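Below: the structure, in structure tokens.
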Amino acid sequence: PPPDPPTSCRSPTADPQIRNVSFESGKPLTFEVLIEVRPQITLSKTGGFAVTRKVPTITEEMVREQLQQLREQRGSWSPLAGVRPKSGNLVSVTVTTLEEGATPEDGQPHDLVLGQGQAIPELEERIMDLLPGGTADAQVRFPDDHAEESRRGKTRNVRIALHEVKEQLLPELDDALARELGDFDSLASLEARVREDLAAEATRRANDELNGELLRQIGEANDVPAPASMVHRLLHAYAESYRVDTAQFETFAKSFEPVAEAQVKRELILDAVATAQNLRATEGDLDDRVAKLAAARGLDPAKLYTSLQQNKRLGELEHSITEEKVFAWLLQQSTVTEDA
């Protein structure tokens, strides 16, 4: 394989670090500048793989479920008196820890919809035993697969106060609802749009899975690395995005490390192919894409370009176009079968 290019030609992956600074009287100032660069990889095999695109058939049940979600979005909540709550009801409850070390949040009322996994199952069961205005002390156990590892299998003594119960009232699924939801003249036109949207989403998801499987095979065939420093930085970016506090970072990182590793390998492979095959987005590609986006939104292309530039979104668009070109080239080098 060809030798690695000089460091000056390779992209840095982080800000430079200054270390080993030495400043002594009568001697020149010396120091080291550490610049971590993206590893240069050579892909010996980029074709000859077999992958399958699996696009599920859109069923009437899927359409009905989506229409039901639209009804729920337009639904209203009506208070209930003198009845125990059930799955699907909205409840206002206060849950207070009865043991020492209770956090300041204990005792604060909050709302949740029963049956949607917003509280641990045992707690929901205790809530459904109460009438509005009722209070009960109970011991609840966190499931062994609880999201917070430190709470798995642990028990807590709590006091549960049920303040209010509400049921959801849903609008009729008819032409009137369709007109409320958008530019639809009938329920039939709404159903048609829902079916189209579900089909488009299914295709997008199938393409993502297809591309992911192809990159996985390329990564294995070429033993593509996932440098620890790049994985670590990506994990911190994920944690910041999900607002994970410092105390939970280690548990979060352990769960998301495979995701971060896969993403790092993905970026390295795409970058290597784009460079080797000269597939990076050009100014012409960018102008064409902006023109298409502007036409779809009824905007002036120049104004849209300026807006994207001001909001620092042109780089994202350029990266997206490059990925599309790389995947199109990669899929031509392998065998793709369709499985509906």
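Measuring max minus min along each principal axis, the C-alpha atoms of the chain give extents of 79, 68, 43 Å (largest first).
Taking Cα atoms only, the orientation of helix 283-297 departs from the longest principal axis of the chain by about 20 degrees. In order along segment 41-50, the Karplus-derived 3J(HN,Hα) couplings, from 6.51 cos²θ - 1.76 cosθ + 1.60 at θ = phi - 60°, round to 10, 10, 9, 7, 9, 10, x, x, 8, 10 Hz, and Gly and Pro are given as x. With the whole protein complex present, Phe49 retains an accessible surface near 10 Å², based on a 1.4 Å probe. Rolling a 1.4 Å probe over the heavy atoms of the protein chains gives the chain an accessible area of 64 Å² per residue. The mean sequence separation of alpha-carbon pairs under 8 Å and at least six residues apart, normalised by the residue count of the chain, gives a relative contact order of 21 percent. Note: relative contact order over segment 38-180, using C-alpha pairs below 8 Å and six or more positions apart, is 31 percent.
Evaluating 6.51 cos²θ - 1.76 cosθ + 1.60 at θ = phi - 60° for every residue in segment 223-231, the Karplus couplings come out as 6, 5, x, 10, x, 4, 5, 5, 4 Hz, glycine and proline recorded as x.
What FRET efficiency do you get for Arg74 and Ile18 if R0 is 51 Å and r is their Cβ-Cβ distance, rounded to the nearest 0.05? E(calc), rounded to 0.05, equals 0.30. Geometric descriptor of segment 213-283, per residue, is 118 Å³ (volume of the convex hull of the Cα atoms). Dividing the C-alpha radius of gyration of segment 172-320 by 2.2 N^0.38 Å, with N its residue count, gives 1.43.
On the protein heavy atoms, probe 1.4 angstrom, tell me the percent of accessible surface of segment 114-222 carried by carbon and sulfur.
After summing per-atom areas, the C and S share lands at 43 percent.
Estimated at the nearest 10 Å², the accessible area of Lys254 is 130 Å² with a 1.4 Å probe.
Using a Förster distance of 22 angstrom, determine the FRET efficiency expected from the C-beta separation of Asp288 and Asp208, and round it to 0.05.
Here the calculated transfer efficiency is 0.40.
Checked against a 20 Å cut-off, the cross-linked pairs Lys265/Lys292; Lys45/Lys325; Lys265/Lys325; Lys292/Lys325 give Cα-Cα distances beyond that limit for Lys265/Lys292. For segment 177-243, the equivalent ellipsoid derived from the alpha-carbon gyration tensor has semi-axes of 41, 20, 5 Å in decreasing order. Mean projected area of the Cα convex hull of segment 139-251, taken over all directions, amounts to 13.8 nm². Entry for segment 246-340 at q = 0.14, 0.15, 0.19 Å⁻¹: log10 I(q)/I(0) = -0.75, -0.81, -0.96, Debye formula applied to identical alpha-carbon scatterers, no solvent contribution. For Trp77, the residues 5 or more places off, or on other chains, whose built amide H falls under 5 Å of its own are Leu169. Normalising the average separation of contacting C-alpha pairs (under 8 angstrom, six or more residues apart) by the number of residues puts the relative contact order of segment 189-314 at 19 percent.
The values are calculated or read from the model by the stated rules, or taken from the named source; none is laboratory data. Given the structure is predicted, the values throughout are model-derived calculations rather than measurements. Glycine gets a Cβ as well: all are built from the backbone with ideal geometry, and neighbour counts include every protein chain shown. Side chains included, ligands, DNA and RNA excluded: accessible areas come from the protein's heavy atoms. Shrake-Rupley method; radii C 1.70, N 1.55, O 1.52, S 1.80 Å.
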